[in-house]
Amino acid sequence: MSKHIVITGATGNIGTALTHTLLQQGHRVTAVARPSHRLDALRDAGATIKAGDLKDTASLTEALQGADAAFLMIPPNVTAPNVLEHMGQVGESIAQAVRAAGLKQAVHLSSIGADQPAGTGPVLGLYHQEARLNAIDGLQVAHLRPAYFMENLLSNIGLIQHMSIIGSAMRPNLSFPMVATKDIAAKAAELLTQGFEPGSVHYVLGPQNYTMQEVAQVVSQVIGRPDLPYVQFPYDQAKQGMLQAGLSENMANLYDEMTRNMNEEKVMVKEERTAAATSPTTLQEFAETVFVPAFQGASAA
């Protein structure tokens, strides 16, 4: 049975893959995002588009009206001077629009660690958003809690080009779950079309845990640069790198908090792996199909 499904954050990696999947399955999709050529491309693919900001509650309410279900997310804003405050404002706007539109069913993009009330950096904003959505009368909601995105590893391309290293503040031997965003989109599509237990939580943890040392080995091999070392940066150096990359001081501090607590294995690394939470895309496959083209594109540029 065809459904009308609204996708917020439709131009991100997850939203784009989800929109295409639902269109291919014959569903009506309204794609909500800021104006961009990526949003225009979704219109060309068959989606109805709604250009706007999620803080515009009236516009979002209009988009959600009459929909059978929605994919709800707070798009990241790494330059916000106060990231958690920004997430709260967007989250409140989404909740108000859901209420005003009378939306009955939603899948919410949350994160591993969103069950923790502290110590998770920016993920704390999703802890509060889960509570906001759970409190809406008449809304059946499922929370997706994916692990660390494999796509985050693309930030190493500049380091490889300029310094011949892969690096971050993560411990080299810290084993933690990583997931490809296309697998998160596939899980969202499954929940939106096949239904779910109201209030349920769904982890998406990739096929296994990996260490950053293993990341360096796999990436070295697929890009043909053997023996790229993994370098663990001191926290202050990693933070400096984030600021140079354009992140706000507040966001850099939140990432610093999250990384320290992951390194100490206090958050986001020990989630119990079940068959349902295990998704198929391996680090090797991600490196070959996503990392290599991105690296080659950056090298050509």
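What follows draws every value from the coordinates through simple rules; no lab data is involved. Please read these numbers as outputs of a predicted model, since none were measured by experiment. Quick reminder, even Gly has a Cβ in these numbers, built from the backbone with ideal geometry, and neighbours come from all protein chains shown.
Does residue 130 fit the bill of being without any contact (Cβ under 8 Å) to a residue 24 or more places away in the chain and surrounded by 17 or more Cβ atoms within 10 Å (Cβ to Cβ)? Break it down into steps so the answer makes sense when it comes.
Values: without any contact (Cβ under 8 Å) to a residue 24 or more places away in the chain: yes; surrounded by 17 or more Cβ atoms within 10 Å (Cβ to Cβ): yes.
Yes: the conditions hold for residue 130.
Just so you know, in the stretch 156-174 the residues that are in contact with a strand residue (DSSP E or B) (Cβ under 9 Å, 6 or more places away or on another chain) and free of Cβ contacts under 8 Å to residues at least 60 places away in the same chain include one that is surrounded by the fewest Cβ atoms within 10 Å (Cβ to Cβ), and it is 163.
For the stretch 18-30, which positions are assigned to a helix (DSSP H, G or I) and within 26 Å of residue 134 (Cα to Cα)? Listed by number, the residues that qualify are 18, 19, 22.
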